[in-house]
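All remarks here apply to the structure that follows.
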Amino acid sequence: MFYSFASQEERKRVGGTCFIEIQYCKMPADTSMKQIVSVSISHWHDDSLYISGDDENEFCDEYSGIFDCGIYNNLKVGAVDCCGINYYKPELIPLLIERICNKEPADYKKLVDWLGKAKQYNGFYILGL
């Protein structure tokens with residue numbers, strides 16, 4: 001379910017632009033929440049994980065209950081919005097890893113490994129289609 005690519009050319013060959021992107025937030029820790037969830041977030045990072053648009057329903061079914069604490073662009077908190085911005089603070093990462101490991105949803109080990117690296121950043125995003 002989760003893909004990583006060595007380059008954007010590889011991503012384009014595999015599926016173009018129809019991906020949900022799970023991306024590290026590389027903004028400084030003192031960045032305002034409004035700026036963190038702004039619509040000016042850049043996409044298509046080589047160190048991101050990607051979920052094909054074809055797997056969107058499976059991802060939502062398997063993971064929406066786990067990722068129920070994301071901050072949206074309007075600063076409200078809720079379940080994964082597969083069409084919008086979802087930001088997860090760094091202090092949530094251990095809880096999310098625990099939830100994932102307890103539930104063992106599809107392809108979870110790849111996501112857990114990626115989230116382990118997210119601890120060095122200012123959290124992460126799930127950026128919808």
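Against the test of being touching a Leu at 6+ places or on another chain (Cβ under 6 Å) and within 24 Å of PHE5 (Cα to Cα), the options GLU62, GLU21, GLU104 yield a single qualifying residue, GLU21.
One residue stands out in region 18-34 among those that are loosely packed, with under 11 Cβ neighbours inside 10 Å and free of Cβ contacts under 8 Å to residues at least 60 places away in the same chain: the one that is nearest to GLY128 (Cα to Cα), namely LYS34.
Inspection of region 66-84 identifies at least one residue that is under 15 Å from the mean Cα position of the chain (by Cα), over 25 Å from ALA6 (Cα atoms) and hydroxyl-bearing (Ser, Thr, Tyr).
Restricting attention to region 78-87, the residues that are surrounded by fewer than 18 Cβ atoms within 10 Å (Cβ to Cβ) and either part of a helix (DSSP H, G or I) or touching a Leu at 6+ places or on another chain (Cβ under 7 Å) (or both) add up to 1.
Out of all the residues in region 112-119, is one or more touching a Gly at 6+ places or on another chain (Cβ under 8 Å), over 14 Å from ASP47 (Cβ atoms) and surrounded by 13 or more Cβ atoms within 10 Å (Cβ to Cβ)? No, region 112-119 contains no residue that is touching a Gly at 6+ places or on another chain (Cβ under 8 Å), over 14 Å from ASP47 (Cβ atoms) and surrounded by 13 or more Cβ atoms within 10 Å (Cβ to Cβ). Tell me whether region 88-99 contains one or more residues that are crowded, with 20+ Cβ neighbours inside 10 Å and either within 16 Å of ILE36 (Cα to Cα) or among the hydrophobic types (A, V, I, L, M, F, W, C) (or both). Scanning region 88-99, I find at least one residue that is crowded, with 20+ Cβ neighbours inside 10 Å and either within 16 Å of ILE36 (Cα to Cα) or among the hydrophobic types (A, V, I, L, M, F, W, C) (or both), so the answer is yes. Residues that are part of a loop (DSSP other than H, G, I, E, B) and at pLDDT 90 or above were ranked within region 38-65; the one that is nearest to GLU104 (Cα to Cα) is GLY65.
Scanning region 35-53 for residues that are surrounded by fewer than 11 Cβ atoms within 10 Å (Cβ to Cβ) and at positive phi returns no hits.
Based on this model, can you work out whether LEU75 counts as more than 16 Å from HIS45 (Cα to Cα), modelled with pLDDT of 95 or more and crowded, with 20+ Cβ neighbours inside 10 Å?
Taking the combined requirement at face value, the residue does not satisfy it.
Can you find a residue that is in contact with a strand residue (DSSP E or B) (Cβ under 7 Å, 6 or more places away or on another chain) and either among the charged types (D, E, K, R) or in contact (Cβ under 8 Å) with a residue 40 or more places away in the chain (or both) anywhere in region 93-109? Checking region 93-109: at least one residue is in contact with a strand residue (DSSP E or B) (Cβ under 7 Å, 6 or more places away or on another chain) and either among the charged types (D, E, K, R) or in contact (Cβ under 8 Å) with a residue 40 or more places away in the chain (or both).
The values are calculated or read from the model by the stated rules, or taken from the named source; none is laboratory data. All figures in this text were calculated on a predicted structure; none of them were measured in a lab. All Cβ positions, glycine included, derive from the backbone under ideal geometry; neighbour counts span all protein chains shown.
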